[in-house]
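Step one of this worksheet: look at the structure below.
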Amino acid sequence: MTTEPIIESDMTFGPYPEGDCFYIEKSETYQKIKEGVKIAEFLLLHSQNKSIVWIVEAKSSSPKPEPPPKFDHFIAEIREKLTNALTLSVATCLNRHSTWEELPNSFQRLDLQKVDFRLILVIKGHQEAWLPPVKDALQKALKPTIKTWNLSATSVMVLNETLARKHKLIS
């Protein structure tokens, strides 16, 4: 869908090779269903030995774990966006939406029985020492999704800009 960089939460993601990125948040598919449905920013296809779809949500900041109500609301919102993006991406790959042809060919050809998923949160300006409590809380919130989709133990990632750059998510 795009080879242009994606600017989200004051970070520049990409550009990515043709066909490797699907900007789901801006897709026609999402635009048709978006009322009441929160979604992550984009999907990124990694094909090494195995196809892995990275579902990426970006935030410009994160509340501290204390006080819990604000932090819990933040985690619940991220969980909802990542889970909805996972579900919508698979539903679109299965041609459940009339707009499925907007998916890049590489996504249309995914073997959904063999593909793996990574649910990724990137937080701008976050210190590395602050990442573990966010990851733990997000992993706990996503546990039902991880279990029902039989995702790997490494399926949840929480990164700051430095780590996102190392993973070649941002430029």
Exercise for the section: Read through the list (1) more than 15 Å from the chain's Cα centre (by Cα); (2) under 25 Å from residue 30 (Cβ atoms); (3) among the aromatic types (Phe, Trp, Tyr), then give the number of the only condition that residue 130 fails. Expected result: (2)
Fill in the blank from the handout: region 6-116: helices (runs of 4 or more DSSP H) wholly inside it with 2 or more residues that are hydrophobic (A, V, I, L, M, F, W, C) are 68-93
Exercise for the section: Select from region 107-159 the residues that are aromatic (Phe, Trp, Tyr) and surrounded by fewer than 20 Cβ atoms within 10 Å (Cβ to Cβ) and write down the one among them that is modelled with the lowest pLDDT. Expected result: 130
Exercise for the section: Would you mind telling me which numbered condition in (1) among the hydrophobic types (A, V, I, L, M, F, W, C); (2) in contact (Cβ under 8 Å) with a residue 40 or more places away in the chain; (3) crowded, with 16+ Cβ neighbours inside 10 Å residue 76 fails? Expected result: (3)
Handout entry: Yes/no for residue 7 being of a type in the set (Val, Ile, Thr) and at pLDDT below 95
Key = yes
Completion exercise
Just one listed residue, out of 112, 94, 86, is aliphatic (A, V, I, L, M) and touching a Ser or Thr at 6+ places or on another chain (Cβ under 8 Å), and it is 86
Handout entry: Filter result for residue 166 (loosely packed, with under 13 Cβ neighbours inside 10 Å and without any contact (Cβ under 8 Å) to a residue 12 or more places away in the chain)
Key = yes
Practice task
Show the residue pairs that are 6+ apart or on different chains and have beta-carbon atoms under 8 Å apart, the first residue being within region 149-163 and under 12 Å from residue 139 (Cα atoms), the second being among the β-branched types (Val, Ile, Thr) and surrounded by fewer than 20 Cβ atoms within 10 Å (Cβ to Cβ).
Solution key: 151/145; 155/146; 156/146
Practice task
Hey, could you check region 57-89 for residues that are modelled with pLDDT of 95 or more and of a type in the set (Lys, Arg) and say which is farthest from residue 7 (Cα to Cα)?
Solution key: 79
Problem - Residue check for residue 18: acidic (Asp, Glu) and at pLDDT below 95 - result: yes
Problem - Top-ranked residue of region 7-51 - restricted to ones that are touching a Lys or Arg at 6+ places or on another chain (Cβ under 7 Å) and under 14 Å from residue 170 (Cα atoms), ranked as surrounded by the fewest Cβ atoms within 10 Å (Cβ to Cβ) - result: 10
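The values are calculated or read from the model by the stated rules, or taken from the named source; none is laboratory data. All values derive from a computational prediction rather than experimental measurement. FYI the Cβ positions are ideal-geometry reconstructions off the backbone, even for glycines, and counts take in every protein chain you see.
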